[in-house]
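Report on one structure; see the data block that follows.
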Amino acid sequence: MTFDSVYVWVSLKAALRCLHVTLLLSIVSLVLGMVLGTPLALCRKFRVRFAAQAADVLIPVLKGIPLVLYVLILNFAILKPLDALAESCAWADKLRLMDKIYIGLAALSAYSAVIVSETMRSALNSVPEGQYEACFSVGLTRGQALRRVIMPQALAFAVPVLCNNFIGLIKGSSIVYVIEILDVLGGAMASAQVSYRFLEAYIAAALVYWVLCAGAGRGSKILEKRFAGR
Amino acid sequence: MKSVIQIKGVRKSFGKNEVLKGVSLDVKTGEVVVILGPSGSGKTTLLRCVNFLENADDGELTIGELSVRFRYAGKKDILTVRRRTAMVFQNYNLFSNKTAAENVMEGLVTARKVPAAEARERAERELAKVGLGGKRDAYPSQLSGGQQQRVAIARAVALNPEVILFDEPTSALDPELVGEVLAVMRAVAREGITMVVVTHEMSFAHDIANHVVFMDDGLVVEEGAPKEIFFHPKEERTKQFLDRIQLKYDYSI
Amino acid sequence: MGKLFDAALVLEYAPPIFLRFHVTLAIVAASVVGGTLLGLLLTAAQLHRTPGLSLAAAGYISFVRGTPVIIQMFIVYYGLPLALYRVGININRWNKLYFVLIAYALNNAAFMAEIIRSAVLSVPKGQSEAAWSVGLSGFQAFRRIVLPQAFLTALPALGTRLVNTFHDTSLAFTLGILDMLGQAQAIGVRTYHVLEGYVFAALVFVAVSLLLEKGFTRAEAAFGRGVKK
């Protein structure tokens, strides 16, 4: 066995050709996570009937499942029924050949919703009760209080944690490789199937993730400063 | 009388700011030395240099038969000096993971290798002396500032050091808690323990001190018996400082 | 083809899958023990004044935190034999599990170093100064005063880290390790029923995660009694 840095370069180029997939997976799942997770957190904070109780039970449970199981279970649970349906329905036959990236997106977004809802919950809890009381004392409604006072303060707390969540999603998105999606890791590995230069391929993929995560970390610092200044 | 601790020509700069410009001090056995001076005059830094919490740039320290140049002090010298002195801090610095009694015992058991049972006995005795016999199992967070500082004084006294350094021991306290700490310090002084005290408490300085040192701008401006310094200061800067402080003092009463 | 999901099969597959739980535990144990020791070294290197040393530690931590653990595992698997072969040690015959243990310990070390460092830095300087002033040596002050306080501050982060480490082990099957997930897949290949195995594994992960969380909340309450400001 030897190590040849030329193959790192070859794999790096292959990995970068799939960069958009990794970016798409991590960014869309972060956004969807925020869209789904924030209302969940609000429901729990304000004890919205049924929704709060359901979330109290479900979120700790879902938080206990590793991301790879989200991917494997959803992959199976989506494709298997389609396989069965494909014999009778033409649309199912077409649908089962869909791009697996949708399955990856579904899995990552579900996972992200759970993580982000926890982030938003602790952010909401970080705002002192006195802030709500002050809002109500000057006659704001709960919605106004949230929008104008509570959320801006909660966001200042949430931004660095959300950036951390995002870094987790960038790294976590590599897991979709197990259901054969061509992301950065998949692209690098595809190039190694030809050359059998696996170590070089993994190093190339690692470099791409490293740059992405370091960039996100840097961005976090800038955002943090912006939000702390308010 | 014999000197307990002698400092000669201490210099210390933080960056370009020279805080101590060659300060000398001679503390005799059983003496209570009070260091006065406006804030920023370097009195706290001087105390911290003596305990090597700051590394002085120059100067010499003599404690008993041990003499060290600050710049060349090795780890062993530093440890020796620290084991012969004790310090009471402005914000108490009680070990927050230990109870009152454990705070007093820590130096005895870990540094001086006193058997635990004996250390506990001594800790309880010292806590009783500062009026906190009932608080030995309380954690610092369960004590008021005044109580914490009294534990800190017990912690220092228990070590039976040659000198105790007090760094503004009452300035972080609420006004109504100052009295109890000063009372404890008076009791310590009456036992004949050598003390060096940086403080703004003029009445304490006046009643207890044997020797008063007035510092300004990194230098000792004037020193002598309390009566001389308080009632017949020779230097203009001392007069100004005393006027200002006395005024504030009258005002607050 | 059969049913998509057969609840009865979850029970049937449970014993063989749970019998592989010790593999997961072994990986977690290696990450915790190895990661803590290496993490302490990394922290020491990072807080050290030698610029090269702290820079190297910071670089290592940044790399590990910035790359997926699955890739790190394969880099160790392919790279370690190569590196050691150059210095004359042949580990090509090693059990795959050893590589996984090493990889996870190396991974966890970076995270532990970050936790330890910020916890140590969170202890006020006055605590060390007071310890020195009563005559404790630098090491004594660190061990008896700073470390216990830092540990208390770090406890919540350590709990989260332990749960994350536990979750990360779920990727070891991609290297062909026969842990719970590996077993679930093996059963799936044999019986075409893979979902049941996954669901059971998920249940184990959920149960253990919840237990760990509860345990750490208890520990915080127990250790923190009276101490917290």
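Listing for the model above:
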item: Qualifying residue in segment C:59-75 (condition: assigned to a helix (DSSP H, G or I), among the hydrophobic types (A, V, I, L, M, F, W, C) and surrounded by fewer than 15 Cβ atoms within 10 Å (Cβ to Cβ)); result: no
item: The one condition in (1) closer than 30 Å to residue A:176 by Cβ; (2) open to solvent by 70 Å² or more (accessible area, probe 1.4 Å) that residue C:87 fails to fulfil; result: (1)
item: Segment A:59-80 residues that are at the interface with chain C (Cβ under 7 Å from one of its Cβ atoms) and outside any helix (DSSP H, G or I), paired with ones that are hydrophobic (A, V, I, L, M, F, W, C) and open to solvent by 30 Å² or more (accessible area, probe 1.4 Å) (beta carbon under 7 Å, 6 or more apart); result: A:64/C:210
item: Identity of the residue in segment B:140-151, under 20 Å from residue B:183 (Cβ atoms) and among the small types (Gly, Ala, Ser), that ends up farthest from the other protein chains (Cβ to nearest Cβ); result: B:146
item: Test: residue in segment B:226-249 that is in contact with an Asp or Glu (Cβ under 6 Å, 6 or more places away or on another chain) and in a helix (DSSP H, G or I); result: yes
item: Residues (crowded, with 23+ Cβ neighbours inside 10 Å and more than 9 Å from chain C (Cβ to nearest Cβ)) located in segment A:171-187; result: A:176, A:181, A:183, A:184, A:187
item: Selected residue (criterion: farthest from residue B:103 (Cα to Cα)) from residues of segment C:129-151 that are open to solvent by less than 20 Å² (accessible area, probe 1.4 Å) and more than 8 Å from chain B (Cβ to nearest Cβ); result: C:150
item: Sole exception among (1) more than 15 Å from the chain's Cα centre (by Cα); (2) within 14 Å of another protein chain (Cβ to nearest Cβ); (3) more than 23 Å from residue B:125 (Cβ to Cβ) for residue B:167, by number; result: (1)
item: Criterion violated by residue A:203 - all others in (1) within 11 Å of chain C (Cβ to nearest Cβ); (2) open to solvent by less than 40 Å² (accessible area, probe 1.4 Å); (3) under 25 Å from the mean Cα position of the chain (by Cα) satisfied; result: (2)
item: Criterion (more than 9 Å from every other protein chain (Cβ to nearest Cβ) and in contact with a Ser or Thr (Cβ under 9 Å, 6 or more places away or on another chain)) met by exactly one of A:191, A:220; result: A:191
item: Test: residue in segment C:113-121 that is within 14 Å of chain B (Cβ to nearest Cβ), more than 25 Å from residue C:57 (Cα to Cα), surrounded by 19 or more Cβ atoms within 10 Å (Cβ to Cβ) and not acidic (Asp, Glu); result: no
item: Residue tally, condition out of contact with any His (no Cβ under 9 Å at 6 or more places or on another chain) and buried (at least 24 other Cβ atoms within 10 Å of the Cβ), over segment B:20-41; result: 5
item: Sole residue being modelled with pLDDT of 95 or more and part of a helix (DSSP H, G or I), chosen from C:186, C:207, C:201; result: C:207
item: Subset tally (residues that are within 11 Å of chain C (Cβ to nearest Cβ) and surrounded by 23 or more Cβ atoms within 10 Å (Cβ to Cβ)) for segment B:124-139; result: 0
item: Selection count, segment C:80-132, where residues are part of a helix (DSSP H, G or I), without any contact (Cβ under 8 Å) to a residue 40 or more places away in the chain and either charged (D, E, K, R) or touching a Phe, Trp or Tyr at 6+ places or on another chain (Cβ under 8 Å) (or both); result: 14
item: Residues of segment B:49-79 that turn out to be of a type in the set (A, V, I, L, M, F, W, C), under 18 Å from the mean Cα position of the chain (by Cα) and open to solvent by less than 30 Å² (accessible area, probe 1.4 Å), as a count; result: 7
item: Options B:82, B:120; residue that is open to solvent by 50 Å² or more (accessible area, probe 1.4 Å), part of a helix (DSSP H, G or I) and in contact with a helix residue (DSSP H, G or I) (Cβ under 7 Å, 6 or more places away or on another chain); result: B:120
item: Residue that is at positive phi, touching a residue at least 24 places away in the same chain (Cβ under 8 Å) and either open to solvent by 30 Å² or more (accessible area, probe 1.4 Å) or over 13 Å from the mean Cα position of the chain (by Cα) (or both), where the choices are B:192, B:146; result: B:192
item: Odd one out for residue A:37 among (1) over 26 Å from residue A:182 (Cα atoms); (2) surrounded by 15 or more Cβ atoms within 10 Å (Cβ to Cβ); (3) within 13 Å of chain C (Cβ to nearest Cβ); result: (3)
item: Qualifying residue in segment C:152-161 (condition: within 9 Å of chain B (Cβ to nearest Cβ) and over 25 Å from residue B:51 (Cα atoms)); result: yes
item: Among the candidates A:220, A:137, A:174, residue that is among the small types (Gly, Ala, Ser) and under 30 Å from residue C:80 (Cα atoms); result: A:174
item: Residue list for segment B:200-237, restricted to those being surrounded by 21 or more Cβ atoms within 10 Å (Cβ to Cβ) and polar (S, T, N, Q); result: none
item: All positions within segment B:95-114 that are more than 7 Å from chain C (Cβ to nearest Cβ), open to solvent by 10 Å² or more (accessible area, probe 1.4 Å) and on the phi < 0 side of the Ramachandran plot; result: B:98, B:99, B:102, B:105, B:109, B:114
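The values are calculated or read from the model by the stated rules, or taken from the named source; none is laboratory data. If you're wondering where the values come from, they're calculated on a predicted model, not measured in any experiment. Note: ideal-geometry Cβ built from the backbone for every residue, glycine included; neighbour counts use all protein chains shown. These area figures cover heavy atoms from the full protein model, side chains too; ligands, DNA and RNA do not enter into them. Shrake-Rupley method; radii C 1.70, N 1.55, O 1.52, S 1.80 Å.
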